[in-house]
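The values are calculated or read from the model by the stated rules, or taken from the named source; none is laboratory data. Predicted, not measured: the structure shown is a model, and the values here were computed from it. In this analysis, Cβ positions are derived from the backbone assuming ideal geometry, glycine residues included, and neighbour counts consider all displayed protein chains.
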């Protein structure tokens, strides 16, 4: 390959050769996976990143909450009895801590960026889900008593409002423009959108009692929902709603363990999932795949198989590549032709992984006790 490139370079005009070289260098730069920082931690109960990935939060066993700054330096550590989840706003100014699905602990805690406790509020029922707005001005939790609590954790005059919903809110999230709250409900299965005053803007009924994993695009124009399915009860499903709650298309999968993401401009949806197939010896073999769809539901490409089992971590803004793990110790950036653009070998088995909405930062915990923040490109 080197000699072929050299031969072409001899006959190409100098300007074109320079452009080709720059293009190849840019391609390599934009696809590379590199470690921004790493820190030793105990096995976490939960991981979270702020919008943009500047701040990270973890909860370790015993309710130990830790928040890390842009350079990976620990900003503060607090012990909150019963805590399982921490959520951090973009600039770190608002940090929400709570215990998920535990009726013994019915408090939510707000902290400032320096770790000072700002506010503790007791709620009715255990927390099912929570979210903070990217600007740090608001937070929301849903409870088993079918309440929604919308907070303004202002340092000087913190306040909240609450309202009831028909079902239990199992997933609550802010739209990235910080103008709406979207909630997926259980028992009375619906997708509901509210404004910042608690006024319902729209609702969309679901024909399934199962709980969708929900994601909103960075432009706030679309919502993707995934029914993961299980090995004992396969039947994954992918749904795509617009910003008005209208379901635009759905895609069913025979498999299980489905996980999906939507690109920042709502142009692409990526999903990874597992399926089983019989072997010659009669035992089932697990086969994993990753697929990318256009916003109209058209399948663009699908990769995977018996010898490579991708687990989706991130989708590039252009939809041209996905970041996946192999379920063991390696992370790959793969384009639509199945070509590996870059690879990173981790120090231990990958236990948890997540990405920012633009796919440019990854937070990965490995079983040997290291937490990594990775940059893509």
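Brief remarks on what is shown
- Criterion violated by residue 369 - all others in (1) surrounded by fewer than 16 Cβ atoms within 10 Å (Cβ to Cβ); (2) touching a residue at least 60 places away in the same chain (Cβ under 8 Å); (3) more than 22 Å from residue 69 (Cβ to Cβ) satisfied: (3)
- Members of region 189-205 that are part of a loop (DSSP other than H, G, I, E, B) and crowded, with 19+ Cβ neighbours inside 10 Å: 189
- Applying the set (1) modelled with pLDDT under 90; (2) within 29 Å of residue 50 (Cα to Cα) to residue 368 leaves exactly one unmet item: (1).
- Some residue of region 290-300 being under 15 Å from residue 257 (Cα atoms), free of Cβ contacts under 8 Å to residues at least 24 places away in the same chain, out of contact with any helix residue (DSSP H, G or I) (no Cβ under 7 Å at 6 or more places or on another chain) and not in a loop (DSSP other than H, G, I, E, B): yes
- Members of region 132-149 found to be crowded, with 20+ Cβ neighbours inside 10 Å and part of a strand (DSSP E or B), listed by number: 132, 139, 140, 141, 142, 143, 148, 149
- Condition check for residue 316: within 24 Å of residue 54 (Cβ to Cβ), crowded, with 21+ Cβ neighbours inside 10 Å and either outside the structural domain of residue 261 (by TED's automatic domain parsing) or in contact with a strand residue (DSSP E or B) (Cβ under 6 Å, 6 or more places away or on another chain) (or both): no
- Of the residues examined, residue 208 is not one that is at pLDDT below 95, surrounded by fewer than 20 Cβ atoms within 10 Å (Cβ to Cβ) and part of a strand (DSSP E or B).
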